[in-house]
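The values are calculated or read from the model by the stated rules, or taken from the named source; none is laboratory data. Not measured: the values here are computed from a predicted model. Because the Cβ atoms are built from the backbone with ideal geometry, glycine has one as well, and the counts that use them run over all protein chains shown. Ligands, DNA and RNA are stripped out before the accessible areas are found, and what is left, the full protein with its side chains, is counted by its heavy atoms. Shrake-Rupley method; radii C 1.70, N 1.55, O 1.52, S 1.80 Å.
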Amino acid sequence: MERLKDKVAVVTGAGSGIGRAAAQLMSREGARVVVADYDTAAAEESAALIAQDGGDALAVTVDVTDEDSVARMTASAVSEFGGLHVLCNHVGGTNPSVDLDVLRMDMDEFDRAVARNLRSTLLGTRHALPHMIRAGGGSIINTASVAALVGDVLQTSYGAVKAAVVNLTKSTAVQYGPHNVRCNAVAPGAVVTPALENNLPEGVVESLKKGNALPRLGSPEDIGHTMVFLASDESRYLTGQLLVVDGGVTMQSSAAPGRRAQLPV
Ligand SMILES: NC(=O)c1ccc[n+]([C@@H]2O[C@H](COP(=O)([O-])OP(=O)(O)OC[C@H]3O[C@@H](n4cnc5c(N)ncnc54)[C@H](O)[C@@H]3O)[C@@H](O)[C@H]2O)c1
């Protein structure tokens, strides 16, 4: 299948987890992909995996919080592949050991959260837009989280900045829709990646699973497939939307996990 034939995609945070899976799946659909990450070795590994699979990828070292670095990343897509049609702003996250409740919050971590999740998304968008407008359109995919939709006892800044990413998605969609640039966001639920495995205490993964309507946690590919859809022309009338890809955790009543045993099958 060639759902992204003739498209050039930039995926940030593509050295690991969901970003790597999204880049691989976009390549399998015919996109030429810039795999961007500040971990150079990881980006090169992702590019090598794509090449082994018969795809065309360029590894780029980027710090998505730094405007000059982001400008070089988008320019390299154009110089290497001749254009830029899809941007996946994927880097994000906070350090849960210091991203706590409002009173105990480490304010330096709050500033890092804004930079890593929100500033990075704004910078990527600013530097991709001129190329997309020149190409007659494009698709920007931002990475939010189910944390944007609910309050939590910890990770206050994570939820707050991801909610801001959702609003930035809508403003971008409104402002550049007339240029045929679409902008949507994906809100993953719990996805098994190195970030999740390294940061959550034992037992939490099991309780996350119970909170889902579906009987498992997500995989990077579950989110990557949604990103391919948003990158492709199949979603051409969809803009400013948040697609919640969470195994049903946010739509399920809090009573449901406890009552599940009462179901006959
Ligand atoms: N894993 C989950 O359960 C989950 C759930 C909801 C949302 N998300 C979101 O998905 C995104 C990625 O999550 P993941 O689990 O795939 O993470 P990950 O840690 O597996 O991958 C993140 C990648 O980003 C790179 N990176 C970090 N800071 C960077 C910077 N300043 N510049 C360039 N690259 C940088 C890292 O080197 C790494 O390769 C984040 O936005 C996260 O908030 C993840």
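Annotations for the structure displayed:
- Sulfur and carbon atoms: percent of accessible area, the stretch 193-265 [1.4 Å]: 57
- Selected from Gly93, Leu123, Gly54, residue furthest toward positive end of dipole (the stretch 1-148; charges at beta carbon): Gly54
- Euclidean distance between Cα centres, the stretch 153-207 to the stretch 231-265, Å: 15
- Surface accessible to a 1.4 Å probe, per residue, for the residues of the stretch 66-157, Å²: 45
- Exposed trypsin sites (Lys or Arg not before Pro) absent - longest run of the chain, DSSP non-H/G/I/E/B, at most 13 other C-beta within 10 Å: 105-215
- Of all aspartates and glutamates in the structure, the ones whose alpha carbon falls short of 18 Å from that of Lys7, not counting any fewer than 8 places away in one chain, are Glu29, Asp53, Asp56, Glu80, Asp233, Glu234.
- For the stretch 101-197, size of Cβ-based charge dipole, Lys and Arg +1, Asp and Glu -1, in debye: 560
- Each residue of the stretch 168-184 was assigned a 3J(HN,Hα) from its phi angle through the Karplus curve 6.51 cos²θ - 1.76 cosθ + 1.60 (θ = phi - 60°); the sequence is 4, 4, 5, 4, 4, 4, 5, 6, 10, x, x, 8, 6, 9, 9, 9, 10 Hz, with glycine and proline shown as x.
- Normalising the average separation of contacting C-alpha pairs (under 8 angstrom, six or more residues apart) by the number of residues puts the relative contact order of the chain at 18 percent.
- Remark: C-alpha extents of the stretch 199-265 on the principal axes read 43, 31, 21 Å, sorted largest to smallest.
- Lysines whose Cα lies under 29 Å from that of Lys209, excluding same-chain neighbours fewer than 8 positions away: Lys162
- Structural descriptor for the stretch 163-259: relative contact order 42 percent, calculated from alpha carbon pairs under 8 angstrom and at least 6 residues apart.
- Computed magnitude of the charge dipole of the chain (debye, nearest 20; Cβ of K, R +1, Cβ of D, E -1): 960
- Taking amide H atoms as placed 1.01 Å from N in the peptide plane, the amide H of Ala59 lies under 5 Å from those of Val35, each 5 or more residues away in sequence or on another chain.
- Mean accessible surface per residue for the stretch 178-248, computed with a 1.4 Å probe while every protein chain stays in place, in Å²: 52
- Within the accessible area of the stretch 1-158 (1.4 Å probe), percent carbon and sulfur: 51
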